[in-house]
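Here's the structure, in structure tokens; my notes come after.
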Amino acid sequence: MSTFPETISKDDLMQLPVRRYEGPIHLVKDAVELAEAHRAITAETVIGFDTETRPTFRKGQSFLPSLVQIATAHAVFLFQLQRVDVTRELAEVLANPAILKTGIGLDYDLSALKKVFPFEQRHTLDLGTVAQKQGFKQSGVRNLAGMLLGFRITKGARTTNWANPVLTSSQIIYAATDAWVCRELYVKFRELGWV
């Protein structure tokens, strides 16, 4: 069992300092940027992975993922799925056994993404599952960041329209932060000997 708390209250979470990803963020807009992103990502052994989907406000309504975020050790890459055809490059990354894809709710994200384009997934790790095995009662990204990394990430942009062709700066920072925190949590888990 870990020496960390199994849960964190909303009040305790709100007392923590807010952190956002402050490194380079690349919003991939064309084939040249896609090739550069692919080169950078395939040079990594561990990436943070997340997706964003337009929120639903009516029962029975659903949307496909609009954005894929990948965090490397040096940058975060954002891929708007309606804007640039990234399917070949992302499918190659997701199937690459030399790159560990880490995230929270990863099975859900990947199964939704398979409705957008086909791919095989290899070498993935759901950090929420690892946290649960370590005895954590809360295994969402926000709670784990608070309990293990000592900071709070904001969820303000979560319910914005991720299908918009032009993302706002707050959406871009929010999306990059989610992928970056997944990678940071993996690094912490590795330090603790949990993975």
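The values are calculated or read from the model by the stated rules, or taken from the named source; none is laboratory data. Source: prediction; values computed, not measured. Ideal geometry is used to build each Cβ from the backbone, glycine not excepted, and the neighbour counts take in all protein chains shown. Just the protein is used for accessible areas: all its heavy atoms, side chains included, with ligands, DNA and RNA removed. Shrake-Rupley method; radii C 1.70, N 1.55, O 1.52, S 1.80 Å.
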Which ones in segment 143-163 are open to solvent by 20 Å² or more (accessible area, probe 1.4 Å) and modelled with pLDDT under 90?
-> T154, K155, G156, R158, T159, T160, N161, A163
Scanning segment 52-61 for residues that are open to solvent by 40 Å² or more (accessible area, probe 1.4 Å) and either at pLDDT 95 or above or under 18 Å from A179 (Cα atoms) (or both) gives T53, R54
Among the strands (runs of 3 or more DSSP E) confined wholly to segment 39-110, which include 2 or more residues that are among the aliphatic types (A, V, I, L, M)?
-> 46-53, 65-71, 76-80
Leading residue by the ranking (surrounded by the fewest Cβ atoms within 10 Å (Cβ to Cβ)) among those in segment 169-195 that are touching a helix residue (DSSP H, G or I) at 6+ places or on another chain (Cβ under 9 Å) and assigned to a helix (DSSP H, G or I) = K188
Could you tell me whether segment 14-30 includes any residue that is in a helix (DSSP H, G or I) and modelled with pLDDT under 95?
-> yes
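Test T154 against the criterion of being outside any helix (DSSP H, G or I) and in contact with a Phe, Trp or Tyr (Cβ under 9 Å, 6 or more places away or on another chain), and give yes or no.
yes
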F49 fails exactly one of the following numbered conditions: (1) within 25 Å of A95 (Cβ to Cβ); (2) at pLDDT below 95. What is the number of that condition?
-> (2)
Test result for G23, among the small types (G, A, S) and either open to solvent by 90 Å² or more (accessible area, probe 1.4 Å) or over 29 Å from F136 (Cβ atoms) (or both) = no
Where residues in segment 62-97 are among the small types (G, A, S), surrounded by fewer than 20 Cβ atoms within 10 Å (Cβ to Cβ) and touching an Asp or Glu at 6+ places or on another chain (Cβ under 9 Å), which of them is farthest from L27 (Cα to Cα)?
-> A95
